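The structure appears below as structure tokens.
The values are calculated or read from the model by the stated rules, or taken from the named source; none is laboratory data. Predicted, not measured: the structure shown is a model, and the values here were computed from it. Ideal geometry is used to build each Cβ from the backbone, glycine not excepted, and the neighbour counts take in all protein chains shown. Heads up: the accessible areas ignore ligands, DNA and RNA and are worked out on the full protein's heavy atoms, side chains in. Shrake-Rupley method; radii C 1.70, N 1.55, O 1.52, S 1.80 Å.
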Amino acid sequence: DRERYDVEGHLNLAELVSNGQFRPIFGCIFHDLDLVDHLENKNTKKDVTQAIMFERCVFMKPLLLRGVWFEKPLVFKECRFNGYVDFARAHLSGVSFHDCAFDEKVYFIDTCFAPWKESLSEHIGYDADFSEVTFKDGADFERSVFRGKTTFLKAVFYEATTFTDIIFCKGPMGAEPDVGKDILVFASAQIFGFVGFRKGANKKQEQAGLEN
């Protein structure tokens with residue numbers, strides 16, 4: 001394994017990100033990292049206008065990207081997340097977590113997975129790429145909207161992962177139901193806990209679960 005660089009203390013990359021000066025980062029261990037300014041007013045819209053890429057990095061503390069609007073792809077490749085990851089209410093214009101490992105829960109509540117916006121070598125034809133990802137404590141995809149193709153090819157699921165009230169759609173505003181081929185792929189996934197698809201408790205209960 002190639003050497004990793006240990007970045008001790010708190011690192012705030014929000015200014016580089018907001019100014020469009022962020023560059024891909026390879027092989028770093030981050031003890032405490034901010035990609036955006038976490039303002040007191042939680043309703044303030046936070047935009048990221050450039051592609052973001054991390055490869056072979058380790059994130060020691062929780063990564064908080066709640067409510068962030070990514071206008072271009074966000075890529076994490078062969079990364080490890082020791083703390084929980086929060087993408088609730090985020091807008092992702094193409095995202096890849098290929099071969100990443102999440103040690104704690106991952107939250108995609110009210111998250112929009114929009115189509116991939118630009119050509120990158122990491123784009124394998126899916127707009128949300130969770131291929132070969134390991135979810136050690138599960139993930140929560142509640143009320144998420146998928147406006148393109150999503151893959152969990154060879155993903156490994158421990159504990160419970162739930163897809164509650166999710167929507168698959170297409171079109172410029174994501175208004176049309178999408179029934180195209182390979183919209184959601186779970187081929188060769190390993191499930192040691194539970195993966196469930198269901199409607200919310202306030203609606204007629206319909207649940208389809210995948211279990212080991």
Practice prompt. State which residue is modelled with the lowest pLDDT when the search covers only segment 148-199 and only residues that are part of a strand (DSSP E or B), open to solvent by 40 Å² or more (accessible area, probe 1.4 Å) and under 18 Å from Gly94 (Cα atoms).
Written response: Lys170
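Is it fair to say Ala114 is of a type outside the set (S, T, N, Q), open to solvent by less than 10 Å² (accessible area, probe 1.4 Å), in contact with a strand residue (DSSP E or B) (Cβ under 7 Å, 6 or more places away or on another chain) and more than 23 Å from Gln190 (Cα to Cα)?
Numbers: of a type outside the set (S, T, N, Q): yes; open to solvent by less than 10 Å² (accessible area, probe 1.4 Å): yes; in contact with a strand residue (DSSP E or B) (Cβ under 7 Å, 6 or more places away or on another chain): yes; more than 23 Å from Gln190 (Cα to Cα): yes.
Judged against the criteria, Ala114 is a match.
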